[in-house]
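Each value in this text was obtained by applying a stated rule to the coordinates, not by laboratory testing. Source: prediction; values computed, not measured. When we count neighbours, we look across all protein chains shown, and the Cβ atoms used for this are built from the backbone with ideal geometry, even at glycine.
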Amino acid sequence: MATINFKGKNSVWNHHLSVPYQILEKNKKLSVKGKNENENLIIEADNLVALKSLLPKYQGKIKCIYIDPPYNNGGEGWIYNDAVNSPLIKEWLGKTVDKEDLTKHDKWLCMMTPRLKLLQELLKGDGVIFISIDNNEVHHLRMLLNDIFGESNFIGMLKWKKKKQPSYMTTHIAEMVEYILVYSKDKSRLEKLSIKTRSDENTRLDNANNPITELKAKKGIRVKLPPDIKLIKAGKYKIKTMQVEYLNDIKISNGRTLNDVNIKARFRNNQEQVDLFVAEDCLFITSKYGLRRDLLTEEKEARKSINDLLLDWGDNQESDREIKELFPDIPDEKIFDYPKPSKLIKNLIKSLFSEKEIILDSFAGSGTTAQAVLELNKEDNGDRKFILVQIPEKIEKDKPAYKAGFKYVHEITRERVKRVIDRDKLGVGFSYMKLGPQIDAESILAGSLPSYREFAKYVYYLATGKTMDNEKSINEKSYFVGKINGETVYLIYEKNKEKLKNLAITLDWAEKINKKDKGKKIVYAPACFLDEEYLEKLNISFVSIPYNLFEKK
């Protein structure tokens, strides 16, 4: 397979591995309370560092990524700032990349490489990444994506009509389209991309004629059929998902179940059909107390794929109008350069048939992706979450946004999301996150030690996948960090290099803690003097620091 070569490639190819983890800290003042407050994130940070900090919790969990990186056309004024240990790249630091820069393509590819590597790690197996780009870098980007994602995972290149009319200033060819490169994590696991919504025309309901009488549906009971039950939406019926325990070996004769317990109802499906639904993982209990089948393979194949020419997916005029409507208090000029219309991103998300997934945008800009997620959830009653990352990028003083009080782009990002929530009375919230202290094994080994509180917050995040809200629970004297879902996190640590060498899980400490806490205990410590058998007896999971600092348990 052909690969792409560029200056600095060898230096940046594994740079993402050396980027240190930093804790993400919630700024309560800038956060908004409401539904999904702790799952919707706006992160103010360089996206390379932010993506690395998301890995402990989100690796392999993102269904959809949309990014709109700099197009590198020479007019954006972006600056290369990645601290790569290379003499060549150190010469690039802090310098604006413009049209006259003969290494602009090399710099752009060096900037994109570690970010794409981390984005690939964050994607689910059946996840998709959409990348907006124009003809300055589309050919380079496609070759780079082939190297990182694999040529076999190339899905297609969409052409988005960005203008209603061509510009009269065009000298040769009027550019009417931009491109969206589409890659999957694993193409074999990806369903057909289609924006045809599920309705009575393409979703058949097989409800029981009579309600279940033996067992009433209750939320929270797991279905005995892997994988976990999915959300159900069924056109005008507005059926909500109810999780009901039922037998794997459902047997039906003459329209009735033969089971003594769990499900008793009449069905218009015969045994052969029910067996097929189970095999296809398409058998569900609904709040109507009946059975429903989802789209089977032949119906999925019959869905109309999206065209590669996107003619009616919003345009630049529409995107400008959207922002002006949300910011009527800013003078009637261009508030933000090159925003995308929410309709474009909304359709990309919709094409995945995902109603309860995480959507990530690490070049968030004005926050269009969050608006698309919020509006799409409102339209189809979905429960998608968004993660936005925006670098603290200064707004020039002659811009209307600056005159209106916005000094940085991320301030517009946050305000736009808040205004969409307020405008539509959604009751949705988000957590506004900033980068906390840098904590990495190399720094600790070199003696650059964090405070106990800083370290405790980080190991809590690693152990639980959640940001600590109640820091008051941290007790340095007892090494107690926090508790979640019946598991207790401890950190045996002191900000003293000499003392740290002698700290360990001892028999006395372990037995003393176990008398107070019989549940599962995750203990981070420099060493452990107990063998595996005794650790298991005391229900302790030991994580060594700093060598296994980032091993999530």
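Using Cβ contacts closer than 10 Å as the measure, can you line up H140, H172, H410, H15 from fewest to most?
Ordered by Cβ neighbours within 10 Å, fewest first: H172, H140, H15, H410.
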Taking the simple approach of a point 7 Å from Cα along Cα-to-Cβ for both Q165 and E39, what is their distance in nm? 4.6 nm
Would the range 1-74 count as rounded, prolate or oblate if I go by the C-alpha gyration tensor, calling it rounded below 1.5 in a/c and otherwise prolate when a/b exceeds b/c, oblate otherwise? prolate
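Taking the beta-carbon count within 10 Å as an exposure proxy, list T96, T413, T113 from fewest neighbours to most.
T96, T113, T413
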Cβ crowding within 10 Å averaged over residues, with 419-431, 121-133 ranked highest first: 121-133, 419-431
Starting from the Cα-Cα distance between K324 and A527, subtract it from 0.36 nm times their residue separation and give me the gain in nm to one decimal. 67.3 nm
When L116, L190, L310 are arranged by how many other beta-carbons sit within 10 Å of their Cβ, fewest first, they go L190, L310, L116
Given H placed 1.01 Å from N in the peptide plane, which residues other than close sequence neighbours of V428 have an amide H under 5 Å from its amide H? K35
By how many nm would the segment from K95 to K187 grow when fully extended, if each residue of separation counts as 0.36 nm and the alpha-carbon distance is taken off? 29.3 nm
Residue separation between K397 and S451 times 0.36 nm, minus their alpha-carbon distance, gives in nm 15.6 nm
For the table K33/K187; K57/K162; K7/K399; K159/K324; K340/K434, the rows whose alpha-carbon distance is greater than 29 Å are K33/K187; K57/K162; K7/K399
Given a Förster distance of 45 Å, report the FRET efficiency between L309 and A83 from their Cβ-Cβ distance, rounded to the nearest 0.05. 0.60
Sort the range 437-544 into rounded, prolate or oblate with this rule: let a ≥ b ≥ c be the square roots of the eigenvalues of the Cα gyration tensor; rounded if a/c is under 1.5, and if a/c is not under 1.5, prolate when a/b is larger than b/c, oblate otherwise. oblate
So which of K117/K518; K52/K497; K124/K457 end up more than 31 Å apart, counting from Cα to Cα? K117/K518
When Lys and Arg each count +1 and Asp and Glu each count -1, what net charge do the other residues less than 11 Å away from L51, Cβ to Cβ, add up to? +1
